Structures are given as structure tokens and as C-alpha cells.
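Novice: Below is a structure I'd like to ask you about.
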Number of protein chains: 2
Amino acid sequence: MNANDPALRSFVPVPPESHFPIQNLPFGIFSRTPQGPRRVGVAIGEFVLDLSVLAEKKLFPGQALSADFFARQENLNEFLSLGRNAWREIRSAVSQLLRHDAAALRDSIALREEAMIPRASVTMHLPARIGDYTDFYSSKEHATNVGIMLRGPDHALMPNWLHVPIAYHGRASSIVVSGTDVRRPLGQTKAEDAVAPVFGPSRNLDFELELGFLVGSGNSLGAPIPIAEAPEHIFGFVLVNDWSARDIQKWEYQPLGPFLAKNFATSISPWVVTLDALELFRVAGQKQEPEPLPYLHLPGDWALAVQLEIHLQTEMMPGRQRISATNARFLYWNVCQQLAHHASNGCNLQPGDLLASGTISGPTPDSYGSMLELAWKGTKPITLANGETRAFLQDGDRVTMTGWCQGPGYRVGFGELTGRILPAL
Amino acid sequence: MNANDPALRSFVPVPPESHFPIQNLPFGIFSRTPQGPRRVGVAIGEFVLDLSVLAEKKLFPGQALSADFFARQENLNEFLSLGRNAWREIRSAVSQLLRHDAAALRDSIALREEAMIPRASVTMHLPARIGDYTDFYSSKEHATNVGIMLRGPDHALMPNWLHVPIAYHGRASSIVVSGTDVRRPLGQTKAEDAVAPVFGPSRNLDFELELGFLVGSGNSLGAPIPIAEAPEHIFGFVLVNDWSARDIQKWEYQPLGPFLAKNFATSISPWVVTLDALELFRVAGQKQEPEPLPYLHLPGDWALAVQLEIHLQTEMMPGRQRISATNARFLYWNVCQQLAHHASNGCNLQPGDLLASGTISGPTPDSYGSMLELAWKGTKPITLANGETRAFLQDGDRVTMTGWCQGPGYRVGFGELTGRILPAL
């Protein structure tokens, strides 16, 4: 039985709205105590399955890698470097162990207690040592919205946008895992009518909802990856919040692109949902017109039907409120095109590199992926249910993103990505 | 006696034009065979001093770090993280050992043969694991030249340039050490009069002469580095060649900056010249008008009087020919301003991060730091001594950069940074 089969059931109880049924089995790095040793885990329902315990008990078939491989892994990088066969074999082995009709784990209370830890009790860490982080700009709606605000509707989309999957290099060191608070940055800004810039706390702090993927096996410097081979290099996906200081960005970004406006923090969700787990949720993408150059041409459906939501909770609210709902299928450039473009000049991608989509905005105003667009550059502040308004983020605001693919009776989900704004120093 | 004292002499013979007298003592990573174990070395004259051998013999005083510290270092990162006191102590200890009147190493043939290896026989490697690479744009002459070519003389310099030390994130994975050949990249380009882009080998391949520095001790995310403390975080300097595909860059760079035009390769020289070794060569920088904001204000002289040269050798030439001579003192934004600006928003810098200056161009056409400027966007091709001309680089061309500070009777130098263009795949 295929690990994605909708009919699969686990002996672990998983309600239909859970993000982590047996059809998902995302990988992450956890520790049992905040400072404790880091281990590779797989999420199932309300539990983390500790792969190091399974490895010690020799419960893996061990075809693609040694049976004790996971006993010594503190991040996913080495696993990522092994390639798709190894990823599939391990996910399949975990799936077998967790099935409702598999006795090895199900019927051993001692083994279950050792190998399965409540998710609520563990600390999650960055899933990989991220060597390089690249952020694309793959939503036509987002690029158009930003273009309209900056240049007006007649020249909204740059001439290169429909030909080139535009991207820039982000900062790897400031990528943090969900739950990490984010300090409001200081920086240079200049008001339109001011003669000189000032230095102080950003006043236009924003989020950007993105989907990112971790590179699995990489390529050598100078050796491009043909797009037909791109899927072999894509391990799995996380939610990405590319925090942005719009006022700093506006003043600094010409001519070399965003820098301090973005590199103070980028948050990612801890569970990596494999490309394999998303196989049933691949759908046709946006029509690409003009047709991309041959190096970007790949038959098949490569958009991902991931429902995405953004929630905001201010300090005065008892709970969070949804402020946007969109879908990753709206992206114009797909992940294979992103990866093949990135390596097309010979740039070497490495296991654990993060490639993010850029802000995902849908066609309607309630499906935009940034506050910049939702409040249209501050001109249409959002009114929240308690009467508060927001044009940009205030101190104490918590932004939570979530996403899932809806299967028949189950969800293959990403869990949550959350972060709260701390006041500037 | 101070390790920078011009009167210092070593028992190792060092001719006056050598880049590696006892006043320099740059750090690097070498191996005795191409695939052999990597060790920390210090360059002295025609030799590499193997610090792991000195560590095993307990020849370091071992105040700031354990006597056997260098026995187990395969890159400089851990050393960099220790901070300035440790760097100074080790450089001072090495200086003491190499003095003409110090017997320990001088009078032991066995120890010399074990610890000192001819530089010509070793393989040099990247000095550090570079987590993040940032490229600035700190030469006013370069920014002005590029601006004139793109936008004409009236709006050459962007309005932000005199206020913001402009920078962008580069690609860390494709940084290679001197001597590595560079494959001509493929990419999208679009001629001015073409209706659509094409994909193929770059035809406008260029070099950029830069000076970069490795971050020593870093800062925590969210905690800026005040500019007064910036020097404590700067370990040392290397030459940087930021290879660039101008035709790819022109088509892709709006609005998020250069990406594939730059990330196919960046070359650096292997020996890291410490900030301490450059102390006598700090000079007044360019006058900064308008005065920078307070977070960028630092008294003292922080420009570096490094003489820089670019040499070209085509496949038809028996030797190389100098095509540009410039000086790092022409840079407008200094290294302390670069570092303080980078961390001003709380971005966390880490040991081994590379911050590069951007192309260093002087005021005269023979002092420009890129082919783009030297041949003025292809309109004034360079004529070489053998009659060949160059507007951009051709396959087989070798670019060699070098740089040094001239002291009284000695040079504190960087050695060479060289790379050759291989044809596109």
C-alpha cells in the first residue's frame, strides 16, 4: 500500500482536522528539553516519533542507509544529501510502523513510551543547517500589486517578470524557527517630503506569507540541473514568513535590492512536508504566457494546492483573527522552475538550502499575502473584530500562518508558523 | 617589540618585495597534499608555518586558548570566534618565534623541517566556512560610473547612496579559493532591440576587484553592534573577485538586484591579512558629505592604503599584463561603517562571514576595477600589448589580482587572487 493512500489508517488516533495523519509524516528536528540533544522526528497526530529510538532498536529496514543512521543526526542535512530513494524508503518504513495493523510499535507499551513523545512537550528547532537562502518573487498577483503601488497600473509588472523567475539572495543566519519572537528593527528611512533620512525603529513592519522548500541532494559548481531532474532535488516544504520593514526597504532597495529591510529575521515552520507527501495535491499551475524558455519547460502539474491562512492577534485580543486566506496554487512560477533557474548558471545548490516562493497573493483583496497589500500601502487599514485597526504591525502583535492540503477525510498540513513582535531596543 | 614594528626581522629570508614579511603573518588554511588534512598556517616569506605542529610541540604561550588548540582546527571559524585578544596573542607569539634572534625554531633543523613547508608545495583552501556573504557598493567612483552608463550623468548616483552603505546578499556556496577555474555561465539575456530573451552563454563576462573581510566574533540576533565596537569584530582581509555576467545582470536585476549574474562564482585570496597587520596603513578616507547619521560615525582613520592591481593574460599571451592599478583608500564607506550598518537592524553576523567592499574604482580611467568600466560598456575596448582587444572576458582569459601595503623596506601584502575562464558547457 502506497504511503499516500487515502485509505491508510494509523493506530495513533488522528482527527480529520489534524495536519499530521499517516499520509503526511513530515520530518523535523526536536529535543525533549529546550537544551537537550537534537533528534530527527516525524509528526503523527499529537506525537513525535523519535527516529533515533527506532534506529537504536533496529526497526528500519536499512536498505538505503545503515540501520543506526538516525541515532546520530542532529539536523536533516545528511539525510537530505542521500537523495529521493532514501527519503522514500524511510517515509515508507515509518508508514509501515504506524499502520493500524502493524504490531511492532502498537503493541509494545514500553517502545511506544520511549519512541513517541507528545508534540506539546518537545522543543522544535530549525530542521536543517541552511547554508544559503534564496527568496523568489513568484506570485504574479503580488508582483503586480507591488508594481501598481510603486509605479502605477500601466507599468506594474517589470518587462523581465514573465520570462525570469525573479529572485534574490536572503540572509541565512537570521532564519529562525516558529515561536521565536522578532525584534522590531532600527534602520534608515526617509519620508517623501524630507530632505534627509532619519535612523530609528521601523514604522512599517510587515509579514510575507510564503512557501519554501529545502533542497535535498545538490549539484556541483558549474553543473546546472536540467528541469526534468528538478523534482529529484526537492526534499520538502515549510511555511515561511519573510518579515519586512517596508519603510527601510523603500529607501535602501535601489539598485541592489532589499537588504536590511529583510535580513533581521525570517521565520519558518518546523515540520518539513515532503514532496512525496504532496504528490496527490499537485495541480495545474497558472497559464504561462508567453511560453517560458525551454530550460524552464516541464510537462505535468507542478502547482501545489496548499490552502494558506494568515491570522493576527494583537495584545488586546483574546484570540487570533484570520486576516487572509489564499492558496499556493496561485503561484505563477513553480518549484521545479525555481530550482532549475537557480542552477541554470551553474550555481551550486546544497542539501538544506532554502528556496522560498516569495509572497503568495491571490486574485482577491482578502487573499493577499502581506499587510502592504491587505491595507494597500497603509491607505486602507484593516479593521479587526474588536475595533482595532492595522496598517502595519504593532509591538505585541502575533502573526500566525498555517497551511494544509485537503484530502478525502484528512489533511496533509504544515502545522503553524508563529512569531510575535517585540518593541525596538 | 610590537608585531608591526618596521624594524622587526625574521630568520626566514624575506626579500623587500615579498608580501609576507614578519610584519604581516596572515592566516590561511592549507594541506600538504591536495586531499590531505587541512591545517591552519601562517605565511612567512616563501614558507607556510604549520600552527598544528607548533601546537603539538606546545610552542604557544596559551593564554587565550589551549596550547593544542591548532592541532584540531580545519578552518579558521573557531579561532575567529575567540575575539581580538586571542588573535593578537597568537600573532604576537608567531612573531616572537620567527624573529631573527629567537632560537627555538631557528636553531632546530628538525622542527623547521616539520613546521615550515614551502608555500609552492601546499594546496590552499577557503580560509573559513563562510556562512553568509554580503557584497557592498562602497566605491563612489564605481557607483557613479555604473550610474552614468545606466541613467546618464545627471542622475548617476542614486539619492540614497550618500546616506546608506548600499549592499546586497551574495551566494556563499559558490565562493571559491584562488586558482579555481570559473565556468562561463549560461543565462537569460535580452538585446535592447529584441522582443524576447534568449538562453545561452553570457557574452559580457566581467571581473570586479574588491577587498573583503572575515567577521571575527559575531553578535546575537536582535543586538546591533555599535560602530565604536566594530573593529573588535573585524578579523582580517582578503582580495575578492566578484565575477559578473553583465548581460544576465542587465536583464534580471530589476527590482530585486543581481542574482544569477553574480552567484556562479566569487573568488577570494587564501591568506587573511589581519586588521592588526594593517594598523600602520590606516589612512584618512574620502570626505563624507553630507555627514553620515550618528550610527555610522566613527572618529579616526579607517580607510586602508592597499595598492591594488588587475592583470590579464589571454591564451595568446606569454605572460600577464597589468590593466588597472587602484587603491582601497578610494572607498567612500569604510569597513567599520559597513559592519555597523549590517548589524544596525539586529542582523546577526557570525564568525567567518564575508563582507566585501564592492568594486574598487579610482578617479581615473586606468584605475577602474571592472572591465565594464575599463572598456566603458564595450564602447572602448582595451588594446593589449600583443594587439588583442578586450571589451569583456574571453574563454581562456586569466584574471589575476594582487594587493599590498607599502611599508619602509617591506610590503604587507595579500599575495595573488587568480582565476581562468573555462568555456560554457
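Novice: For B:Arg88, place a label point 7 Å out from Cα along the Cα→Cβ vector, do the same in each other copy, and report the separations in nm, one decimal, smallest first.
Specialist: 6.0
Novice: Also, quick follow-up: For the protein assembly as shown, which whole percent of the accessible surface, found with a 1.4 angstrom probe, sits on carbon and sulfur atoms?
Specialist: 52 percent
Novice: Here's another thing I want to ask about it. For the protein assembly as shown, what are Rg and Dmax over the alpha carbons, in angstrom?
Specialist: Every Cα atom of the protein assembly as shown included, Rg and Dmax give 27.7, 83 Å.
Novice: Turning to a different aspect of this structure: Just need the Rg to Rh number for segment B:227-386, please, alpha carbons only, Kirkwood Rh.
Specialist: Rounded to two decimals, Rg over Rh is 0.98.
Novice: Given that compact globular proteins tend to follow 2.2 N^0.38 Å, what is the ratio of the alpha-carbon Rg of segment A:193-320 to that value?
Specialist: Compactness ratio reported: 1.39.
Novice: Also, quick follow-up: Nearest the rotation axis from B to A, which residue of chain B has its beta carbon, and at what whole-angstrom distance?
Specialist: B:Gly257, 1
Novice: How far, in nm to one decimal, is B:His297 from itself in the other copies if the label point is set 7 angstrom along Cα toward Cβ? Shortest first, please.
Specialist: Reported distances to equivalent positions: 6.1 nm.
Novice: What does the structure give for A:179-186 when I average, per residue, the other chain Cβ atoms found within 10 Å of the residue Cβ?
Specialist: Partner Cβ neighbours, averaged per residue: 3.
Novice: Work through the residues other than A:Val122 whose Cβ is under 10 Å from its Cβ and net out their charges, Lys, Arg +1 and Asp, Glu -1.
Specialist: Summing Lys/Arg as +1 and Asp/Glu as -1 gives +2.
Novice: Enumerate lysine pairs in chain A that are 8 or more residues apart or on different chains, then count those whose Cα atoms are under 22 Å apart.
Specialist: 13
Novice: State the antiparallel share, in %, of DSSP beta bridges confined to the protein assembly as shown, rounding to the nearest 5.
Specialist: The antiparallel proportion sits near 90 percent.
Novice: Another question about this same structure. When the solvent-accessible surface of protein heavy atoms is calculated with a 1.4 angstrom probe, in what order do B:His163, B:His142, A:His155 fall, highest first? Each step should come with its number before you reach the end.
Specialist: Working: B:His163 40, B:His142 5, A:His155 130 Å².
Accessible-area ranking of B:His163, B:His142, A:His155, largest first: A:His155, B:His163, B:His142.
Novice: Right, next: Is any helix in chain A, taking whole DSSP H runs, at least 20 angstrom long along its axis by alpha carbon and on average at least -0.5 on the Kyte-Doolittle scale, and which ones?
Specialist: Details: long enough: A:84-98 (21 Å, -0.44).
Helices meeting the span and hydropathy rule in chain A are A:84-98.
Novice: Out of the trypsin sites (Lys or Arg not before Pro) in segment A:48-120, which ones are loop residues according to DSSP with at most 11 other C-beta atoms within 10 Å? Don't skip to the answer; put the middle values down first.
Specialist: Details: sites: A:Lys57, A:Lys58, A:Arg72, A:Arg84, A:Arg88, A:Arg91, A:Arg99, A:Arg106, A:Arg112, A:Arg119; in loops: A:Lys57, A:Lys58.
Loop-located and lightly packed - A:Lys58.
Novice: Please state the relative contact order of chain B as a whole percent: Cα pairs under 8 Å, 6+ residues apart?
Specialist: The normalised contact order for chain B reaches 21 percent.
Novice: So how do B:Ser138, A:Ser220 rank on accessible area, 1.4 Å probe, biggest first, that is with the largest at the start?
Specialist: A:Ser220, B:Ser138
Novice: Excluding ligands, DNA and RNA, what is the accessible area buried between chains A and B, summed over both sides, using a 1.4 Å probe, to the nearest 100 Å²? Can you show the working numbers first?
Specialist: On the way: alone 17830 and 17860 Å², together 30470 Å².
Adding both sides of the contact gives about 5200 Å².
Novice: Give me the compactness ratio for segment B:27-125, meaning the Cα radius of gyration over 2.2 N^0.38 Å.
Specialist: So the Cα radius of gyration is 1.01 times the expected 2.2 N^0.38 Å.
Novice: Where the label is 7 Å out from Cα toward Cβ, how close does A:Asp5 come to the same position in every other copy, in nm, shortest first?
Specialist: Its label point is 8.2 nm from the equivalent points in the other copies.
Novice: How big, in percent, is the set of alpha carbon pairs in segment B:157-212 lying more than 17 Å apart?
Specialist: Summing the P(r) of segment B:157-212 above 17 Å gives 64 percent of all pairs.
Novice: Accessible area per residue of segment B:27-125 at 1.4 Å probe, in Å²?
Specialist: For segment B:27-125, the per-residue accessible area is 43 Å².
Novice: What net charge do the residues around B:Tyr368 carry, taking every other residue with its C-beta under 15 Å from that of B:Tyr368, with Lys and Arg at +1 and Asp and Glu at -1? Intermediate results must be reported in sequence, preceding the final value.
Specialist: On the way: positive: B:Lys140, B:Arg246, B:Arg322, B:Lys377, B:Lys380, B:Arg390; negative: B:Glu141, B:Asp206, B:Glu208, B:Glu210, B:Asp242, B:Glu309, B:Asp366, B:Glu373.
Once all neighbours under 15 Å are counted, the net charge is -2.
Novice: Determine the sum of side-chain charges near B:Leu205: Lys and Arg each +1, Asp and Glu each -1, restricted to other residues whose C-beta is under 10 angstrom from that of B:Leu205.
Specialist: Its environment carries a net charge of -1.
Novice: Could you tell me the ratio Rg/Rh of segment A:316-425? Both radii from Cα atoms, Rh via Kirkwood.
Specialist: Result for segment A:316-425 is an Rg/Rh of 1.03.
Novice: Take the Cα atoms of segment B:64-182, build their convex hull, and give its volume per residue in Å³.
Specialist: Values: hull volume 24.2 nm³, N = 119.
Enclosed volume per residue, from the Cα hull, is 203 Å³.
Novice: Helix-derived [θ] at 222 nm for the protein assembly as shown: sum -39500 (n - 2.57) over DSSP H runs of at least 4, divide by residue count, nearest 500?
Specialist: About -4500 deg cm²/dmol.
Novice: Report Rg/Rh for chain B, rounded to two decimals, where Rg is the Cα radius of gyration and Rh the Kirkwood radius. Mind showing how you got there, number by number?
Specialist: Values: Rg = 21.6 Å, Rh = 22.2 Å.
Rounded to two decimals, Rg over Rh is 0.97.
The values are calculated or read from the model by the stated rules, or taken from the named source; none is laboratory data. If you're wondering where the values come from, they're calculated on a predicted model, not measured in any experiment. Note: ideal-geometry Cβ built from the backbone for every residue, glycine included; neighbour counts use all protein chains shown. Remember, those area values only see protein heavy atoms, side chains included, never the ligands or the DNA or RNA. Shrake-Rupley method; radii C 1.70, N 1.55, O 1.52, S 1.80 Å.
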